[in-house]
Each structure stands twice: as C-alpha cells, then as structure tokens.
Amino acid sequence: MVKIMIDPGHEGVENNLDPGAVANGLKEAALTLRIAKYMYDMLNEYEGVQVRLTRTGNQRLTLSQRAKMANEWGADFFISIHINAGGGTGFESYVYNGNVSAATVAYQNVIHAEIMKAIGNVKDRGKKRADYAVLRLTNMPAILTENLFIDNPNDAAQLKSEQFLLQVAYGHVIGLEKAFGLKKKGGQTTVQKTVKDDVAGHWAEQSIRKAMKAGVIRGHSDGRFGPDEPVTRAQLAVILDRLGLLK
Ligand SMILES: [Zn+2]
C-alpha cells in the first residue's frame, strides 16, 4: 500500500487567512485545492494506494502541521501543490535543498516530466531545490510544484480553465503512477474521463486535440471544448500570440 499525502498550498479562501498569491481574479489557495481534489479523485481509480489531503476546505494549517500530518500518518510520499507569483511564466518543481534521498530525486524527475507533458505548451523552469518548510519537515520523500504564475496574464488565463486544472492534476497523477508503479482498479478506466468530452467523434477531432495539447486553444471552465462555437477577435489574437506569430 502506497500512502500519498497531497498538500493543497495555503488556506482560507473565504476567511482570507492565507490565500497565497492573489492576482487576475484568482486566488492561489482556491486553485491548489481544485487541483488537489482532482488528483484525489483520479488517484482513487488506482489500487494499492491511499490518498489524503492536508486540507479539504479553508481550514487554517501551518506548514509544520502539514508536515506533521504526513509524518504521523506514515505517508510514503508528500506532494505540495502551489501556484507561482512574482513575475515569470511556466512550471517548476522543488525538493529540499539539504540532504534528500536518491528516491526523492528520482520521483521529482519522473513527476516533473509527466506534468510538463500533460500541460502542453508551457515553459519548463526546471527542477529546483529550496529550503521550504514542508519539504524540510517531512520524513518521507517530498516535492513541491509551482504550477504557472497567477500574476502573469497568459498563465492566469490558462489557470481559469477547468480543463487546464484537470490537465495539471492529470500530469501529477501520471507522474505518481510511474513513480510508484500504480495500477488502475479493474484495468481499463481512464483518468481523463472526468473531462466532459464533446470532441470525440467530431470531424476535426484530431486537429482539436493537437491544438489543446499544444496549449493553443483550451476548453471551457466546465470542461467542454465547444468545437462548433465561433472564435472572437480577442481569442484569435491570443491564439496568434500563443503560436508565436506576434512580435
Ligand atoms: Zn504558494
């Protein structure tokens, strides 16, 4: 049995205790909880794995309490989910900058790679090390992910898409699947089934999937793609920009 503790970074969206980074109408604490809950649901499709969240709502939790929860439970792995801020774009992951096990580094390598694959056309800021309390205080291998920048308009636009948050969660889960050799319950379920798929069978399905994978066009916040909806002039400008056609 593999015990995985997922830690949605920050807390208190309504009571504003520690919403984390706030920008572009988004709050880090709310986004990390969405991603963590998607991960929780997806991981429950696997056998031989137990999953817990350090918080399931807005409860107040210090960093040492989060680590203590994982330590007392005897978790095999701790993964803390964050959204970056402070100017920049893209994805990065962290392990502790002190002594870490070879396993920790191996887990970071595989999970980082799978997240990058899942989120498409996003800048890879690299695998990093830092003295973060949750990484230092946990007794088991631990990583922390910084999933795009809340204060970057392009990153924020992606973070507003529920489809994108699902892809972020999916990347984490496939990374964990590979890191721990997890197997699906009863064989054939697919993790991505939680996404409402209105693209399957469409005449342009192949191109749409390519566009989504490349991050050029994303789905709606409710998971639909809306293949036959018109594109606005604003959306077209964003698409051209994402294609790198604008100076
Ligand atoms: Zn954070």
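The values are calculated or read from the model by the stated rules, or taken from the named source; none is laboratory data. These numbers come from a predicted model, not from an experiment. Please note: Cβ atoms are built from the backbone with ideal geometry, for glycine as well, and neighbour counts cover all protein chains shown.
Cβ-Cβ distance below 9 Å, separation of 6 or more or different chains: which pairs start in segment 98-116 with a residue that is in contact (Cβ under 8 Å) with a residue 24 or more places away in the chain and not assigned by TED's automatic domain parsing to the domain that holds M212 and end on one that is in a helix (DSSP H, G or I) and of a type in the set (D, E)?
Pairs that qualify, where the first residue is in contact (Cβ under 8 Å) with a residue 24 or more places away in the chain and not assigned by TED's automatic domain parsing to the domain that holds M212 and the partner is in a helix (DSSP H, G or I) and of a type in the set (D, E), are E114/E177.
For segment 64-89, name all the residues that are within 16 Å of the ligand (Cβ to nearest atom) and on the phi > 0 side of the Ramachandran plot.
G86, G87, G88
Filter the helices (runs of 4 or more DSSP H) completely within segment 124-182 down to those with at least 1 residues that are crowded, with 21+ Cβ neighbours inside 10 Å and away from the ligand (no atom under 16 Å from the Cβ).
Filter on segment 124-182 gives 153-159, 162-180.
Which of (1) in a helix (DSSP H, G or I); (2) among the small types (G, A, S); (3) at pLDDT below 95 is the odd one out, the single condition G86 does not satisfy?
(1)
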